[in-house]
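*Asks:* Have a look at this one.
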Amino acid sequence: MGLKQAADYRKYVNYCIADSNYNRQQLIHMGYSCRIDVMPVHISLDRFNHVNAKEQIIKEYSKTTNFIFVGRVVWNKRQDDVIRSFAVYNRYYDRNSKLLIIGDLGIDVYVNSLKSLVTIYQLQDNVVFTGKVSEEELKAFYQTADFFSVYE
């Protein structure tokens, strides 16, 4: 319903600010002809200054090479591509690696397709879907990360 309403509003809008290039492209696809600038979501660099990292997570993931993806698990964030890329790394470079997909598990159909992909690539022991996590847990995951991608 929100997407339909956004498409209907194009007649009344003179200027747009999108939070990503993807969303800018979506507005263009809906028929917006006004100027559309992209202003990414601001990430606070001192966000974790007063947060204690969850030691259990640090202990659990300190002996592996860790890739983390932080963001909602939805199709436009392309976690499927992240899994495919990780599968190559895990198979050819480092079997002792993990991919931690951190964030709200959005649409069940997409999450199930990602889990099927994990099974196809035989990565059940290497890919973890954490779901939504606390600030203490997130700080710990960042501290154990060797590679990360944030997609807000």
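The values are calculated or read from the model by the stated rules, or taken from the named source; none is laboratory data. Bear in mind the structure is a predicted one, so any value in this text is a computation, not a measurement. Cβ atoms come from the backbone with ideal geometry, glycine included; neighbour counts cover every protein chain shown. Accessible surface is based on the protein model in full, side chains and every heavy atom, while ligands, DNA and RNA are left aside. Shrake-Rupley method; radii C 1.70, N 1.55, O 1.52, S 1.80 Å.
*Asks:* Which value, in nm² and rounded to one decimal, describes the direction-averaged projected area of the C-alpha convex hull of the chain?
*Replies:* Projected area, direction-averaged: 10.8 nm².
*Asks:* Oh, and also: So how long is each side of the range 1-68 along the principal axes, counting just the alpha-carbon atoms, biggest first, in Å?
*Replies:* Rounded to whole Å, the extents work out to 54, 23, 21 Å.
*Asks:* DSSP loop chymotrypsin sites (Phe, Trp or Tyr not before Pro) in the range 75-146 with at most 12 other Cβ atoms within 10 Å of their Cβ, which ones?
*Replies:* For chymotrypsin sites (Phe, Trp or Tyr not before Pro) across the range 75-146 that sit outside H, G, I, E and B with at most 12 neighbouring Cβ atoms in 10 Å, the list reads Y93.
*Asks:* Go through K59/K132; K63/K115; K11/K77 and tell me which ones have a Cα-Cα distance over 22 Å in this structure.
*Replies:* In this structure, K63/K115; K11/K77 lie more than 22 Å apart at Cα.
*Asks:* Something else about it: If you take the Cα Rg of the range 49-119 and divide it by 2.2 N^0.38 Å, with N the number of residues, what do you get?
*Replies:* With N residues counted in the range 49-119, Rg over 2.2 N^0.38 Å equals 1.23.
*Asks:* For the pair A7/Y93, report the inter-label distance in nm, with labels modelled 7 Å from Cα in the Cβ direction.
*Replies:* 4.1
*Asks:* Follow-up question, since we're still on this one. In percent, how large is the relative contact order of the range 31-123, given Cα pairs closer than 8 Å and 6 or more residues apart?
*Replies:* Once normalised by length, the contact order is 31 percent.
*Asks:* Still on this model: Give me the mean projected area, in nm² to one decimal, of the convex hull enclosing the Cα positions of the range 73-152.
*Replies:* For the Cα atoms of the range 73-152, the hull's average projected area reads 5.1 nm².
*Asks:* Could you give the length gained by full extension between Q56 and M30, i.e. 0.36 nm per residue of separation minus their alpha carbon distance, to one decimal place?
*Replies:* 4.7 nm
*Asks:* Continuing with the same structure: Say the dipole of the chain comes from +1 at the beta carbon of Lys and Arg and -1 at that of Asp and Glu; which of V41, N96, A140 then lies farthest toward its positive end?
*Replies:* V41
*Asks:* Quick check: at a probe of 1.4 Å, how many percent of the accessible area of the chain sits on carbon and sulfur atoms?
*Replies:* Carbon plus sulfur share of accessible area: 51 percent.
*Asks:* In addition: Can you pull out the trypsin sites (Lys or Arg not before Pro) in the range 32-118 whose DSSP state is coil and whose Cβ has at most 12 other Cβ atoms within 10 Å?
*Replies:* Hits after loop and neighbour filter: R47, K63, R95.
*Asks:* Right, next: Heavy-atom accessible area per residue, the range 27-85, 1.4 Å probe: how many Å²?
*Replies:* For the range 27-85, the per-residue accessible area is 68 Å².
*Asks:* Could I ask something else about it? Take the chain, connect every pair of alpha-carbon atoms lying under 10 Å apart with a spring to form a Gaussian network, then pick out the residue of V41, V13, V82 with the largest mean-square fluctuation.
*Replies:* In the Gaussian network model the winner is V13.
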